[in-house]
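Shown below is the structure under consideration.
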Amino acid sequence: MNRVSGNDRSHSLNLAPASYEDYRELARKRLPRQLFDYIDGGSFNEVTLAANRDDLDRLRLRQRVLRDVSERSLFTTVMGEQLSLPLILAPVGFGGMFAQRAEVQAARSAERAGISFCESTLSICSIEEVATASKRPFWFQLYIMKDRAYAEDLMARAQAVGCTTLVLTVDLPVVGHRYRDVRNGVSGRISGINRLRRGLDIARHPKWVREVALGGRPLTFGNLERALPNARVPGDFQGWVASQFDPSVTWDDVAWLRAHWRGKIALKGILDPEDAREAVARGADAVIVSNHGGRQLDAVPSTISALPAIANAVGDQCDILMDGGIRSGLDVVKALALGARACLIGRPWAFAVAARGENGVDHLLRIYREEMLVTLGLTGVTNINQLDASILVSVPGEEQ
């Protein structure tokens with residue numbers, strides 16, 4: 001949610017962007033309304049979307065003084081992979097709609113920053129295109145589809161280009177009801193008048209039309225072209241994609257996944273400790289505490305509030321990652337203090353690439369790095385891996 005006052009935000013955009021909020025506002029101005037709302041919005045009344053931020057904001061840090069913090073390290077290891085920052089660029093569907101070949105740009109930025117990029121099944125750029133552009137091995141996100149043969153083919157393609165980790169999204173047996181997407185015609189039917197309004201809105205963004213809609217390769221879901229050759233985004237894919245989400249998926253399907261994937265497996269969409277224990281029992285190398293950025297079931301807990309119980313349940317058995325509401329390096333430090341090994345960020349890199357391409361993603365990651373270093377220094381911590389709940393103080397009126 002936007003936390004910057006109108007006057008401050010307007011002023012900041014006359015200067016260099018300094019934060020996530022600045023990039024969000026730049027993207028809002030550059031993108032057609034339907035695309036901005038697709039990134040920015042959540043499900044139903046967006047209660048969980050707001051809670052992801054509000055609960056992080058309520059956490060308070062212990063400021064410590066007169067400690068030698070001249071040397072601070074942000075290096076960490078996730079599932080055996082060394083990262084220069086405890087960050088991963090999360091899978092974002094439709095990414096290449098926000099900037100020309102956006103997934104490629106984001107993967108290159110991640111490589112330069114020494115962190116991992118996760119390619120979405122519903123990316124515009126294919127697995128192969130991303131692999132050609134980046135030397136660093138990346139992750140691949142998968143939905144279990146009704147067409148298991150096609151899912152197996154996607155896994156084989158990901159393994160062929162050297163993807164190290166498979167992220168299985170488990171919180172999407174059905175698509176959450178997103179009011180903004182319905183109003184904008186991204187999902188469901190769109191009336192004639194709204195189609196006209198959408199067309200006029202797109203026409204008011206000529207730079208986006210020139211660089212993204214008309215520039216470069218056709219806008220197709222690169223990973224699904226073998227299933228629907230030459231189909232265009234979004235309409236031609238919409239019905240097929242919706243029909244492929246499988247509400248009959250169970251824990252037994254994790255065994256099928258393991259049989260077809262030789263690398264690490266992370267289950268994304270875990271909010272309950274019992275589900276976390278089951279994930280570990282079924283062979284997951286990591287669980288990602290996630291409510292899909294508030295885009296699936298509304299009124300579920302924020303991820304930061306769900307994190308401690310899950311970390312207590314399985315933190316000694318697998319890596320714990322978290323996404324949802326992470327808007328700064330300060331937020332990353334809070335999440336690591338409560339048990340996360342690293343955080344995934346989706347909306348931040350989507351807004352940055354929409355605003356300024358990979359230069360924007362490069363800059364945003366530098367901002368996160370500096371914010372983490374400052375937070376470590378002022379809490380008296382020298383190594384990101386030393387973080388625990390001792391750096392937090394209780395929130396007034398609430399239990400820690």
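Go through segment 108-131 and give me each residue that's among the aliphatic types (A, V, I, L, M), closer than 17 Å to Leu154 by Cβ and either within 13 Å of the chain's Cα centre (by Cα) or assigned to a loop (DSSP other than H, G, I, E, B) (or both).
In the first step, residues of segment 108-131 are kept if they are among the aliphatic types (A, V, I, L, M); the result is 110, 113, 115, 122, 124, 127, 130-131.
Retained after the next criterion (residues that are closer than 17 Å to Leu154 by Cβ): 122, 124, 127, 130-131.
Answer for segment 108-131, where residues must be among the aliphatic types (A, V, I, L, M), closer than 17 Å to Leu154 by Cβ and either within 13 Å of the chain's Cα centre (by Cα) or assigned to a loop (DSSP other than H, G, I, E, B) (or both): Leu122, Ile124.
So, in segment 88-103, of the ones that are surrounded by fewer than 24 Cβ atoms within 10 Å (Cβ to Cβ) and under 14 Å from the mean Cα position of the chain (by Cα), which residue ends up farthest from Pro206 (Cα to Cα)?
Gly93
Pull out all pairs, ordered by first then second residue, where Cβ-Cβ is under 7 Å, the residues are six or more apart or on different chains, the first lies in segment 106-132 and is among the small types (Gly, Ala, Ser), and the second is surrounded by fewer than 22 Cβ atoms within 10 Å (Cβ to Cβ) and in a strand (DSSP E or B).
Gly114/Leu83; Ser116/Glu81; Ser116/Leu83
Here is a yes/no grid of residues against (1) under 27 Å from Thr169 (Cα atoms); (2) surrounded by fewer than 17 Cβ atoms within 10 Å (Cβ to Cβ); (3) touching a His at 6+ places or on another chain (Cβ under 8 Å); (4) small (Gly, Ala, Ser):
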site: Gly293; (1), (2), (3), (4): yes, no, no, yes
site: Ala342; (1), (2), (3), (4): yes, no, no, yes
site: Trp349; (1), (2), (3), (4): yes, no, no, no
site: Leu387; (1), (2), (3), (4): no, no, no, no
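Can you tell me which residues in segment 328-383 are of a type in the set (Val, Ile, Thr) and either at pLDDT below 95 or closer than 28 Å to Ala133 by Cβ (or both)? Quick ask: steps written out before the conclusion?
Narrowing segment 328-383 to residues of a type in the set (Val, Ile, Thr): 332-333, 345, 353, 361, 367, 374-375, 379, 381-382.
If the condition is that a residue be of a type in the set (Val, Ile, Thr) and either at pLDDT below 95 or closer than 28 Å to Ala133 by Cβ (or both), then Val332, Ile345, Val353, Val361, Ile367 are the ones that fit.
Another question about this same structure. Which one is surrounded by the fewest Cβ atoms within 10 Å (Cβ to Cβ) among residues in segment 215-244 that are modelled with pLDDT under 70 and aromatic (Phe, Trp, Tyr)?
Taking the candidates together, the pick is Trp240.
Could you please let me know if Asp298 is in contact with a Gly (Cβ under 8 Å, 6 or more places away or on another chain), part of a helix (DSSP H, G or I), of a type in the set (D, E, K, R) and at pLDDT 95 or above?
Values: in contact with a Gly (Cβ under 8 Å, 6 or more places away or on another chain): yes; part of a helix (DSSP H, G or I): no; of a type in the set (D, E, K, R): yes; at pLDDT 95 or above: yes.
Criteria not met by Asp298.
Within segment 159-172, does at least one residue satisfy the condition of being without any contact (Cβ under 8 Å) to a residue 40 or more places away in the chain and not in a loop (DSSP other than H, G, I, E, B)?
The initial filter retains those residues of segment 159-172 that are without any contact (Cβ under 8 Å) to a residue 40 or more places away in the chain, namely 160-162.
Remaining after also requiring not in a loop (DSSP other than H, G, I, E, B): 160.
Yes, segment 159-172 has at least one match.
Let me ask something else. Which residue is farthest from the chain's Cα centre (by Cα), if the candidates are limited to segment 175-214 and must be at pLDDT 85 or above and in a loop (DSSP other than H, G, I, E, B)?
Arg204
So, one more: Can you run down the residue pairs with Cβ atoms below 9 Å, 6 or more apart or on separate chains, where the first is in segment 37-58 and over 18 Å from His177 (Cα atoms) and in contact (Cβ under 8 Å) with a residue 24 or more places away in the chain and the partner is surrounded by fewer than 21 Cβ atoms within 10 Å (Cβ to Cβ) and polar (S, T, N, Q)?
Asp55/Ser305
Let me ask something additional. Report whether or not Ala131 is more than 19 Å from Ala354 (Cα to Cα), surrounded by fewer than 24 Cβ atoms within 10 Å (Cβ to Cβ), small (Gly, Ala, Ser) and in contact with a Gly (Cβ under 8 Å, 6 or more places away or on another chain).
Values: more than 19 Å from Ala354 (Cα to Cα): yes; surrounded by fewer than 24 Cβ atoms within 10 Å (Cβ to Cβ): yes; small (Gly, Ala, Ser): yes; in contact with a Gly (Cβ under 8 Å, 6 or more places away or on another chain): yes.
Judged against the criteria, Ala131 is a match.
Only one of (1) over 30 Å from Gln100 (Cα atoms); (2) in a strand (DSSP E or B) is not met by Gly283, so which one is it?
Gly283 satisfies every listed condition except (2).
Check segment 107-123 and report whether any residue there is surrounded by 22 or more Cβ atoms within 10 Å (Cβ to Cβ) and modelled with pLDDT under 95.
yes
If you check every pair at least six apart or on different chains, which have Cβ atoms under 6 Å apart with a residue in segment 246-259 that is within 12 Å of Tyr143 (Cα to Cα) first and a residue that is among the β-branched types (Val, Ile, Thr) and surrounded by 13 or more Cβ atoms within 10 Å (Cβ to Cβ) second?
Asp246/Ile144; Val249/Ile144; Asp253/Ile144
Separate question: Exactly one of (1) in a strand (DSSP E or B); (2) modelled with pLDDT under 95; (3) not β-branched (Val, Ile, Thr) is unmet by Pro396. Its number?
(1)
OK, next. Return yes or no: is Gly41 farther than 27 Å from Tyr150 by Cα, surrounded by fewer than 24 Cβ atoms within 10 Å (Cβ to Cβ) and within 18 Å of the chain's Cα centre (by Cα)? Step through it out loud before you land on a result.
Working: farther than 27 Å from Tyr150 by Cα: yes; surrounded by fewer than 24 Cβ atoms within 10 Å (Cβ to Cβ): yes; within 18 Å of the chain's Cα centre (by Cα): yes.
Judged against the criteria, Gly41 is a match.
If I filter segment 296-310 for residues that are within 30 Å of Arg60 (Cα to Cα) and touching a Cys at 6+ places or on another chain (Cβ under 6 Å), do I get at least one hit?
Going residue by residue through segment 296-310, those that are within 30 Å of Arg60 (Cα to Cα) are 296-310.
Cutting the leftovers down to touching a Cys at 6+ places or on another chain (Cβ under 6 Å) gives us none.
Looking for residues that are within 30 Å of Arg60 (Cα to Cα) and touching a Cys at 6+ places or on another chain (Cβ under 6 Å), one finds none in segment 296-310, hence no.
The values are calculated or read from the model by the stated rules, or taken from the named source; none is laboratory data. Since the model is a prediction, treat every value here as computed from it, not as a measurement. Virtual Cβ from ideal backbone geometry, glycine too; neighbours counted across all protein chains shown.
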